[in-house]
Ligand code: ADP
Ligand code: MG
């Protein structure tokens, strides 16, 4: 994957209100500005990496880039599910991420149950991959310690 690792940060905005949270898998959506700055040839699909809200702790995450065929979206979206339980929502905050690796392409699912179980597998895969020494070191990257207030795509 040519663009990886990919560093980016930007504001968390309201998504499509599809109820990801009700499924137990909230996804923090990036603003359109951030999405438009993504390399246009980055493959759609599911990725894993590291994420941090504001200047908080760095957590594991899974990320989806694409058109979300399950919901027949017409817009591209970049959505981060942080593998951590937060006390509160963080709309409007700056989310910093590094996309480390690719898991799978986007797929269509026959049922909500099938979608949820695929995402659970993605989360397990992300946890395993990110424990590898070469991936753990990105958690400590200076990118996560920079002062805030700037939208940066790939530094
Ligand atoms: P939306 O359609 O607005 O994106 P979601 O149901 O996907 O709604 O919920 C996303 C919101 O949930 C995020 O913007 C964030 O404020 C909050 N949130 C709480 N915990 C998490 C988490 N672990 N990962 C991502 N977002 C979370
Ligand atoms: Mg969302």
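Annotation note: of 35, 53, the sole residue that is within 16 Å of ligand 2 (Cβ to nearest atom), surrounded by 13 or more Cβ atoms within 10 Å (Cβ to Cβ), modelled with pLDDT under 90 and within 16 Å of residue 7 (Cα to Cα) is 35. Against the numbered list (1) loosely packed, with under 15 Cβ neighbours inside 10 Å; (2) farther than 18 Å from residue 49 by Cα; (3) at pLDDT 95 or above, residue 113 comes up short only at (3). In region 60-82 there is at least one residue matching the filter, namely being surrounded by 12 or more Cβ atoms within 10 Å (Cβ to Cβ), more than 14 Å from ligand 2 (Cβ to nearest atom) and part of a strand (DSSP E or B). Residues in region 88-100 that are more than 9 Å from ligand 1 (Cβ to nearest atom) and either more than 17 Å from residue 135 (Cβ to Cβ) or assigned to a loop (DSSP other than H, G, I, E, B) (or both): 1 in all.
Residues in region 1-17 that are surrounded by 15 or more Cβ atoms within 10 Å (Cβ to Cβ), within 11 Å of ligand 1 (Cβ to nearest atom) and not in a strand (DSSP E or B): 15 alone. Of everything listed in (1) over 20 Å from residue 24 (Cβ atoms); (2) at pLDDT 95 or above, the single unmet condition for residue 108 is (2).
The values are calculated or read from the model by the stated rules, or taken from the named source; none is laboratory data. Computed from a prediction, not measured in an experiment: that's the story for all the values here. With ideal geometry, Cβ positions are generated from the backbone for all residues, glycine too; neighbour counts draw on all protein chains shown.
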